[in-house]
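The values are calculated or read from the model by the stated rules, or taken from the named source; none is laboratory data. What you see is a predicted model; the values in this text were computed from it and never measured. With ideal geometry, Cβ positions are generated from the backbone for all residues, glycine too; neighbour counts draw on all protein chains shown. These area figures cover heavy atoms from the full protein model, side chains too; ligands, DNA and RNA do not enter into them. Shrake-Rupley method; radii C 1.70, N 1.55, O 1.52, S 1.80 Å.
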Amino acid sequence: GGALLTFVDEDDNTCRWIETRYRPRTGKAIAFNTAPIAVGTLLRKALFEQFPTVVLTSATMAVDQRFDYVHDRLGLSALSDPDRVRTLRVESPFDFDQQALLAIPRDLPEPNDPRYEAATHEVIAETLLATHGGTFVLFTAYGALNRAIRALEPELRARGLTVLQQGDTNRHLLLRRFIDEPGAVLFATDSFWEGVD
């Protein structure tokens, strides 16, 4: 009861939404979600002014090589002692020119077209065979991930690629296999979207 009242409570700093979910292990569910729109004041009071040292790291903190935006959004610019804030921007050692490729297929049907998913499977297969593995294939939904695995796994294995799927084993073991095995391809969603170096 209290959670539902909080959900419908009028608060201009709260975003509310309802989403339906399907998880292979638990089935269908409806989730009532809330999130603060501006978190700066909350973080400043609950975190930055409560602890003498807080270290924030991310690959996406700086905007135009400056930290002003994140300082404003996280409440750091309003600290009672602004001299506490120290910044360090470190260039990435990742060689984007040699280790990354951005490919945008222009001939796919629209996502609501019944032919769309099969067409994406073809593009995924072509890409994985061209890269010889070493590739994350990320999905927004488990259903799409599972259908892609069913459609692609036999051909990929026949071509010598190691197919790994989120949920088959512990996340850290899965990542270790992905890193250690040549020709590994990792199909994933959910927790793999963020926080993987």
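Overview of values
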| read-out | value |
| --- | --- |
| Filtered residue count, the range 160-185, keeping only those that are under 13 Å from L129 (Cβ atoms) and touching a Leu at 6+ places or on another chain (Cβ under 6 Å) | 3 |
| Matching entry among L56, L43, L47 (being touching a helix residue (DSSP H, G or I) at 6+ places or on another chain (Cβ under 8 Å), free of Cβ contacts under 8 Å to residues at least 24 places away in the same chain and within 21 Å of R84 (Cα to Cα)) | L56 |
| Complete set of residues in the range 50-93 that are β-branched (V, I, T) and under 24 Å from the mean Cα position of the chain (by Cα) | V54, V55, T57, T60, V63, V70, V90 |
| Of all residues in the range 162-174 being modelled with pLDDT under 90 and in contact with a strand residue (DSSP E or B) (Cβ under 8 Å, 6 or more places away or on another chain), the one that is least open to solvent (accessible area, probe 1.4 Å) | L174 |
| Neighbours by Cβ (under 6 Å, 6+ apart or cross-chain): first from the range 116-134, free of Cβ contacts under 8 Å to residues at least 60 places away in the same chain; second of a type in the set (S, T, N, Q) | L128/T135 |
| Helices (runs of 4 or more DSSP H) lying entirely in the range 1-115 (those with 3 or more residues that are of a type outside the set (F, W, Y), open to solvent by less than 50 Å² (accessible area, probe 1.4 Å) and at pLDDT 90 or above) | 68-74 |
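For (1) under 16 Å from V163 (Cα atoms); (2) over 19 Å from the mean Cα position of the chain (by Cα); (3) not acidic (D, E), each residue gets a yes or a no:
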| position | (1), (2), (3) |
| --- | --- |
| D107 | no, yes, no |
| E110 | no, yes, no |
| E117 | no, yes, no |
| A130 | yes, yes, yes |
| T135 | yes, no, yes |
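To keep it simple, each residue is scored yes or no on (1) outside any helix (DSSP H, G or I); (2) at pLDDT below 95.
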| site | (1), (2) |
| --- | --- |
| A119 | no, no |
| E126 | no, yes |
| F136 | yes, yes |
| N146 | no, yes |
| A151 | no, no |
| P154 | no, no |
| G160 | yes, yes |
